[in-house]
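Each remark here refers to the structure printed beneath this line.
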Amino acid sequence: MTPANTPTEPVIQLQNVCTHFGNKMVHQGLNLEVRKGEIFAIVGGSGSGKSTLLREMILLHRPDSGSLRILGVNLPQATSEQILGLRKRWGVMFQYGGLFAALTVLENVGLPMREHRHLSGVEVDALAAEKIALSGLKPEVGAQYPSSLSGGMLKRASLARALALEPELLFLDEPTAGLDPQSADGVDDLILALRKQQNISIVMVTHDLDLLWHVADRVAVLADGKVQGLGSMPELSTQKLPAVHRFFTGTRGGNAFAQHQPTGQAWKPK
Ligand code: ADP
Ligand code: MG
C-alpha cells in the first residue's frame, strides 16, 4: 500500500465530473466518494447516467471535465503504466456476464490470471477453482460452457472471474437483474460474505431495492446530472428530496420500503 493510499483515504473520489453526449448533459458537476471497505450503491432512473459513471470509474469512458481519483491515482494525469496497474486492482462483473462463449467457466476465470500472473497452467486452474467455489458454484461447473448455465450461475461465474486477480475494488453492474427471487437472495448473501472474507470495497449499480436494503452501506441517488441524495437506506428513506422520494415511491419501491419498516407502514406518495 502506498502512503497516499492509506486506509482512511477514499478508494474513489469524483469531483465536479461533467459528461455529455452531443447536446445531452449526463453529469453536471457530480461529486461522490466511496470509502474503503464499504458497499456503495448507485441508483437512479433509466438514463440518469449510472452506467456511464461506472464506465468512467473503470476507465472505459473519459468524462469531459472534473477530477477522478481511484485507489490513490489521479486521473486523467495518470501514466499508461499507472493505468495498467490500476486495471489489475479491480474486478468488474458486467450485467450480461461478459464471459467468452468458447471457453469453459474454469478457462474464463483463469484468463486474467494467465494474462497478468506468472503462474503455471496447474496453478491457474487451482486458483480459478478456488474463485469458482468462493462464488458459490459447484466444482463441476468449471467444466461447463457459459451457454449451459442458468442466469444465476452465469452471474456467479462472472463474479468468479471478477475476483480472479484478488481485486481491492469490485464493480457490479445490476448483479441481480433478471434473477428469480431465490437466486437474487443468494447473490445478496454472497456479496455480504465476500466483503467479510476479502476486505474488498464494492460499487454496484442496481434497481433492486431488496438488494439495497440487505447489503448497501450507502446509496447515491443520481438525477439531473448530480448526486441528489446520499446515505444509508434508512437515512435516505426519511429524506423528502423530490428525486429521492420518486425513487422510493414507485410501486416496487413502496413495497420494498413497507417490508423493511418495523411498523409495516409504506411510504405514502405526496
Ligand atoms: P443509465 O445507466 O442510468 O440508464 P446511461 O449512463 O446508460 O444511463 O446513459 C445516460 C444517458 O447518456 C442516456 O440518455 C444515454 O442515451 C446516453 N448515452 C450513454 N452512452 C452513450 C453513448 N455512447 N453515446 C451517446 N449517448 C449515450
Ligand atoms: Mg445503465
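Summary of values
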read-out: For GLN144, distant residues with modelled amide H under 5 Å away; value: VAL105, LEU106
read-out: Quotient of C-alpha Rg and 2.2 N^0.38 Å, computed over region 66-223; value: 1.06
read-out: For region 146-215, alpha-carbon Rg relative to the globular expectation (2.2 N^0.38 Å, N residues); value: 1.05
read-out: Cα-only Debye scattering, region 1-93: base-10 log of I(q)/I(0) at q = 0.16, 0.17, 0.25 Å⁻¹; value: -0.68, -0.76, -1.53
read-out: Label-point separation, SER183 to GLN15 (7 Å along Cα→Cβ), nm; value: 4.3 nm
read-out: Share of alpha-carbon pairs per 10 Å distance bin for region 100-165, given as whole %; value: 26, 59, 15, 0
read-out: Using alpha-carbon coordinates, inclination of helix 121-134 to the longest axis of the chain, degrees; value: 30 degrees
read-out: Cβ-placed point charges (K, R +1; D, E -1), dipole of the chain about Cα centre in debye, nearest 20; value: 640 debye
read-out: GLU140/GLN198 FRET efficiency (R0 35 Å; Cβ-Cβ; nearest 0.05); value: 0.90
read-out: Helix axis angle, 181-198 relative to the chain longest principal axis, alpha carbon, degrees; value: 70 degrees
read-out: Global form of region 182-221, assessed from the alpha-carbon gyration tensor, a/c cut-off 1.5; value: oblate
read-out: Gaussian network model of the chain, Cα within-10 Å springs - most flexible of HIS27, HIS207, HIS245; value: HIS245
read-out: Principal semi-axes in Å for the chain [√(5λ), Cα gyration tensor, largest first]; value: 31, 24, 16
read-out: Pairs of alpha carbons in region 70-112 whose separation is greater than 11 Å (percent); value: 72 percent
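Coordinate-derived values only; no laboratory data. Small disclaimer: the values here were computed from a predicted structure and weren't measured. Quick reminder, even Gly has a Cβ in these numbers, built from the backbone with ideal geometry, and neighbours come from all protein chains shown.
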